[in-house]
């Protein structure tokens, strides 16, 4: 279903406050952490168990490959280009249990407007849907990871093309929250109409994510991690640093946030630049943490036996 025009119901909250406290006393260790972090770096596709910081490289390889892990850590949706199967204009999706190689389902997806096959996206919390990030040619595409059926296509908002740099996240009820211009817009199922849940002074957004409870959003805003409480409308800056932060993700209980600190651009001649940062964790407690140095509540993600934080290339998923 293709959405040509979306009329927004303007539920606008224009005033927000920020809380800053760089001299905080958060946890000084990782004993309160649990679950697993899934991410990619230059060693490969990696997981780190918490609190032991045990690292496992679960997939290596140089050919294009993307994936998303369900929040319970049980399922994975994998994406590869279809060239090896004689389908260079399509993406091959494989949906399976993470612990097993046998697929639950496989299907091919041809980008709706004939765009790139090098795509990425995120599973919904209940694993029933998958949303593809916008590209130069398509906006947001929602499909079923079990059937490959296209559920919705949010291509235009108020008759304006969705920007390829727009970000999104899922809420527990399978609503989508999308960054659009200087606002956050919520699209409930069936994704044909949206409502603005908050406007901001400018459009300087990065990635956004929601906690499992659906009460908070974390976002990169003006290069830092900010937290928005959807219940109280409190909006505060969680990190402070000299460089840009990236890829926030909540812990399963919503009490911590992991992110990439010190993001740098890695230029590759003749290719699109990539980005790398270093993984750190801070509490979600209304305080602002200085993340250029560790301690005082800042927990660097250092794999057992290593001495420096893990590099992060792309998003991170914090599973149970």
FRET E, pair residue 84, residue 128, Förster distance 22 Å, beta-carbon r, rounded to 0.05: 0.15
Segment 65-146, relative contact order [Cα under 8 Å, separation at least 6], %: 24 percent
Residues listed by number, segment 127-151, amide nitrogen under 19 Å from residue 103 label point at 7 Å toward C-beta: 128-132, 143-151
Linear extension gain, residue 60 paired with residue 202, 0.36 nm per residue minus alpha-carbon span: 47.2 nm
Packing-based order for 134-142, 34-42, 217-225, using average beta carbon neighbours within 10 Å, highest first: 217-225, 134-142, 34-42
Calculated FRET efficiency for the pair residue 147/residue 231, C-beta based, R₀ 51 Å, to 0.05: 0.90
Per-pair calculated FRET efficiency, R0 = 41 Å: residue 110 and residue 308 via Cβ, rounded to 0.05: 0.45
Inter-centroid distance (Cα atoms) of segment 232-263 relative to segment 278-320, Å: 9 Å
Protection-proxy order for peptides 168-178, 96-106, each taking the mean of Cβ atoms within 10 Å per residue, highest first: 168-178, 96-106
Contact order normalised by residue count of segment 2-319, Cα under 8 Å, 6+ apart, percent: 19 percent
Length added when fully stretched, residue 189-residue 243, from 0.36 nm per residue minus Cα-Cα: 15.7 nm
Cα gyration tensor shape of segment 33-136, rounded if a/c is under 1.5, else prolate or oblate by comparing a/b with b/c: prolate
Shape call, segment 154-255: gyration tensor on alpha carbons, a/c limit 1.5: oblate
The chain - share of DSSP beta bridges that are antiparallel (%, nearest 5): 95 percent
Rg/Rg_globular for segment 2-319, with Rg_globular taken as 2.2 N^0.38 Å and Rg from C-alpha atoms: 0.97
Relative contact order (percent, whole number), segment 148-188, Cα cutoff 8 Å, 6+ residue spacing: 24 percent
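Bear in mind these aren't lab numbers, they're just calculated from the coordinates by the rules spelled out. Since we're looking at a predicted model, the values are computed, not measured. Note that each Cβ is placed from the backbone with ideal geometry, even for glycine, and that neighbours are counted across all protein chains shown.
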